[in-house]
Amino acid sequence: MSDALIAGAVVAPLVIVYVALVVTAIVQVVRDRALAGLARELWVVALVVFPVFGAIAWYGIGHRTADAQRAVERLRYGL
């Protein structure tokens, strides 16, 4: 096997996972009703401009923050 073929076999799955994570993060941000206008726009910009760091930040911080905000709203309205 050639080195290029081996490199492609290693890199291709990583690229697919990378693209899937970034696209999934963008979809989650856009569909998240707990995020209001500016916060949502800033997350999308962060994910587009800094896809690696933006996705890490979303999965590490942003997603939990949105979940916590939804929990507070449920408690507030007794849902």
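Throughout, read-outs are computed from the coordinates displayed, never taken from laboratory work. As the structure is a computational prediction, the values presented were derived from the model and not from experiment. No Cβ is skipped: glycine too gets one built from the backbone with ideal geometry, and neighbour counts run over all protein chains shown.
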* Asked: Which whole-Hz couplings ³J(HN,Hα) result when phi for each residue of region 40-52 is put into the Karplus expression 6.51 cos²θ - 1.76 cosθ + 1.60, θ = phi - 60°, listed in order with x for Gly and Pro?
  -> 4, 4, 5, 5, 5, 4, 4, 6, 7, 7, 10, x, 5
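Under unit Cβ charges (Lys, Arg +1; Asp, Glu -1), what dipole magnitude, rounded to 20 debye, does the chain have relative to its Cα centre?
On the way: 7 positive and 5 negative charges, 89 e Å.
Around 420 debye, computed over the chain.
Multiplying the sequence separation of Val44 and Leu5 by 0.36 nm and subtracting their Cα-Cα distance, what value in nm do you get?
Numbers: separation 39, 0.36 × 39 = 14.04 nm, distance 3.47 nm.
Separation in residues times 0.36 nm, less the Cα-Cα distance, equals 10.6 nm.
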* Work out how much length Arg31 to Tyr18 would gain on full extension: take 0.36 nm times their residue separation and subtract the Cα-Cα distance, in nm to one decimal. => 2.7 nm
* Each residue of region 71-78 in order: what ³J(HN,Hα) in whole Hz does its phi give by Karplus 6.51 cos²θ - 1.76 cosθ + 1.60, θ = phi - 60°, with x for Gly and Pro? -> 5, 5, 5, 4, 5, 5, 9, x
* Restricting the chain to trypsin sites (Lys or Arg not before Pro) in coil, as DSSP defines it, with at most 10 other Cβ within 10 Å -> Arg33
* Asked: If we restrict to alpha carbons, what Rg and Dmax does the chain come to, in Å?
  -> 17.1, 63
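Relative contact order for region 3-77: what percent, with Cα pairs under 8 Å and sequence separation of 6 or more?
Values: 30 pairs, mean separation 21.4, N = 75.
The normalised contact order for region 3-77 reaches 28 percent.
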